[in-house]
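Undergrad: Take this structure, written in structure tokens, and hold onto it; I'll ask about it next.
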Amino acid sequence: MFDTITIETLQAYWWIIIALLGSLLVFLMFVQGGQTLIYTIGKTEPERKILVNALGRKWEFTFTTLVTFGGAFFASFPLFYSTSFGGAYWVWMAILFPFIIQAVAYEFRSKPNNFLGHKTYEWFLIINGFLGTLLIGVAVATFYTGNAFSVNKSAITNLADPVISRWQHPWHGLEALLNWRNIALGLAVFFLSRVLGILYFMNTIDDEQILLRSKKQLPLNAIPFLVCFLAFAFAIFTMPGFAVRPYDGTIMGESYKYFHNLIQMPIVMLMLAAGVVFVLLGVALPLLSFEKSAASGIWYAGPGTILTVFALFCLVGFNNTAYYPSVYDMQSSLTIHNSSSSYYSLTAMSYVSLLVPFVVAYIWYAWKAINSRKIDQKEMDEGGHSY
């Protein structure tokens with residue numbers, strides 16, 4: 001089926017897969033957002049147990065999606081993988097470490113006689129919730145703001161030093177934290193994950209005090225999310241971008257590049273607008289009609305998050321745009337055309353990608369099966385597996 005498709009189509013296809021996985025990852029980070037609220041919404045040990053167990057039912061989805069996202073990027077766009085993961089290794093290590101301690105926390109928090117105690121593992125979850133969301137947002141923002149690296153493909157023939165990509169900043173990725181636009185998106189992802197976590201609690205937990213505190217926290221996190229997201233959106237739509245000359249691949253600066261992309265790709269503009277509206281609906285409905293709409297807020301904000309993030313990936317990957325720009329050497333910037341795998345590799349992987357709908361169906365089935373009933377104190381008292 002894929003044998004008659006051009007390599008340009010395959011490259012676009014795989015960028016769509018990457019965008020979808022990234023969108024799902026951001027949505028599933030409601031787990032991380034909920035973890036940062038353990039002590040804010042849970043005031044007693046039984047309440048915190050309810051919160052942790054509600055999140056513990058879903059934490060593997062986030063972890064698995066993160067690994068799948070990284071694997072898909074490596075397989076389809078290996079030059080990005082070698083450039084970013086090989087050069088900006090400190091920021092990627094800073095991202096992976098919180099996810100490692102998250103796994104440890106869910107495994108050992110409720111084990112009898114654990115020598116660190118509940119609170120230590122709960123703080124592991126809080127650290128994962130804060131650093132995991134903030135740093136992933138910062139890393140994604142660099143797709144717009146750029147990084148300091150150089151690429152020399154001809155170096156592969158140098159047997160003494162066959163290194164294609166070189167990072168040109170001694171902080172190896174952590175310098176991204178010095179750019180306010182990166183921080184704006186990082187904080188937007190952090191507060192969005194908390195909003196989604198709150199809506200997930202409303203959908204999953206049956207406890208009056210937890211629900212009342214969740215309602216109180218919803219606007220306190222939704223407002224800073226909107227401020228940070230709008231600041232990032234204003235920044236990228238008014239800043240110069242990195243355009244690609246189609247006939248020879250030359251990278252050029254272009255004023256208002258990402259705004260031009262938005263206008264020139266109306267489908268993406270509609271997705272972005274719809275995503276933002278759905279997120280706002282997911283926040284507004286529980287506040288306006290709590291008893292009627294509290295449990296359904298996640299089903300508006302979740303798809304809204306996926307649409308919004310998907311649109312942001314499309315803005316930076318399509319319409320002759322460099323998705324990973326270099327501020328050190330503009331011509332080293334990465335595009336979906338100059339950083340992808342070969343035609344035959346992309347074709348072979350595309351056959352495997354046909355299994356994605358079955359994976360999504362399984363996730364949906366597992367989600368519904370796990371959430372067959374709401375969590376309350378009675379269920380915690382009845383025993384069973386506990387995180």
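Undergrad: For the chain, treating each Cα as an identical point scatterer without solvent, what Debye log10 I(q)/I(0) comes out at q = 0.11 1/Å?
TA: -0.80
Undergrad: If you don't mind, there's one more thing I want to ask. With r as the distance between the Cβ atoms of L116 and K374 and R0 = 45 Å, compute the FRET efficiency 1/(1 + (r/R0)^6) and round to 0.05.
TA: Details: r = 30 Å, r/R0 = 0.67.
Calculated transfer efficiency: 0.90.
Undergrad: If R0 is 41 Å, what FRET efficiency do you get for T238 and F108 from their C-beta distance, rounded to 0.05?
TA: Details: r = 48 Å, r/R0 = 1.17.
So the FRET efficiency works out to roughly 0.30.
Undergrad: Over all alpha-carbon pairs in the range 34-123, figure out the percentage whose distance exceeds 17 Å. List each step's numbers first, then the result.
TA: On the way: 2342 of 4005 pairs.
Counting every Cα pair in the range 34-123, those more than 17 Å apart make up 58 percent.
Undergrad: While we're here: Rounded to the nearest 0.05, what FRET efficiency do D329 and E291 have when you use their Cβ-Cβ distance and R0 = 56 Å? Could you put the intermediate results ahead of the total?
TA: On the way: r = 58 Å, r/R0 = 1.04.
E(calc), rounded to 0.05, equals 0.45.
Undergrad: If neighbour count is taken as other Cβ atoms inside 10 Å, put S333, S341 in order from fewest to most.
TA: Details: S333 24, S341 20.
The order, fewest Cβ neighbours first, is S341, S333.
Undergrad: Which of F229, T347, I263 sits farthest toward the positive end of the charge dipole of the range 7-371, with +1 on the Cβ of Lys and Arg and -1 on the Cβ of Asp and Glu?
TA: Projecting each Cα onto the dipole axis, the largest value belongs to F229.
Undergrad: Can you put S110, S339 in order, fewest other beta carbons within 10 Å first? Before the final figure, lay out the partial values.
TA: Numbers: S110 16, S339 22.
In order of increasing Cβ crowding within 10 Å: S110, S339.
Undergrad: Rounded to the nearest angstrom and ordered from largest down, what semi-axes does the equivalent ellipsoid of the range 224-314 get from its C-alpha gyration tensor (root of 5λ)?
TA: On the way: eigenvalues 228, 35, 14 Å².
After diagonalising the Cα gyration tensor, the semi-axes are 34, 13, 8 Å.
Undergrad: Once whole DSSP H runs in the chain are found, which of them have Cα atoms spread over 20 Å or more along the helix axis and a mean Kyte-Doolittle score of at least -1.0? Spell out each step's value before the answer.
TA: Numbers: long enough: 7-28 (31 Å, 1.79); 59-76 (26 Å, 0.93); 89-108 (28 Å, 1.42); 117-145 (42 Å, 0.93); 180-204 (35 Å, 1.19); 208-238 (45 Å, 1.07); 266-288 (32 Å, 2.61); 298-317 (28 Å, 1.71); 356-370 (21 Å, 1.33).
Going by DSSP H runs, the hits are 7-28, 59-76, 89-108, 117-145, 180-204, 208-238, 266-288, 298-317, 356-370.
Undergrad: Kindly provide the Kirkwood hydrodynamic radius of the range 87-176 in Å, to one decimal, from all pairs of distinct alpha carbon atoms.
TA: On the way: mean 1/r = 0.0645 Å⁻¹.
So the Kirkwood estimate lands at 15.5 Å.
Undergrad: Rounded to the nearest 500, what is the 222 nm mean residue ellipticity of the chain from helices alone, with -39500 (n - 2.57) per DSSP H run of 4+ residues and division by all residues?
TA: Values: 16 runs with 253 residues, N = 387.
Calculated at 222 nm, the ellipticity per residue is -21500 deg cm²/dmol.
Undergrad: Going by C-beta contacts inside 10 Å, put L178, L230, L159 in order with the fewest on the left. Please report the intermediate quantities before stating the final value.
TA: On the way: L178 9, L230 13, L159 6.
Going from sparsest to densest Cβ surroundings: L159, L178, L230.
Undergrad: Hey, how many Å between the Cα centroid of the range 130-154 and the Cα centroid of the range 13-91?
TA: Computed from Cα coordinates, the inter-centre distance equals 16 Å.
Undergrad: Something else: Quick check: residue separation of K43 and A274 times 0.36 nm, minus the Cα distance between them. What number comes out in nm?
TA: 79.5 nm
Values quoted throughout were computed directly from the atomic coordinates according to the rules given, and no laboratory measurement underlies them. From a predicted model like this one, the values you see are computed outputs, not experimental measurements. When we count neighbours, we look across all protein chains shown, and the Cβ atoms used for this are built from the backbone with ideal geometry, even at glycine.
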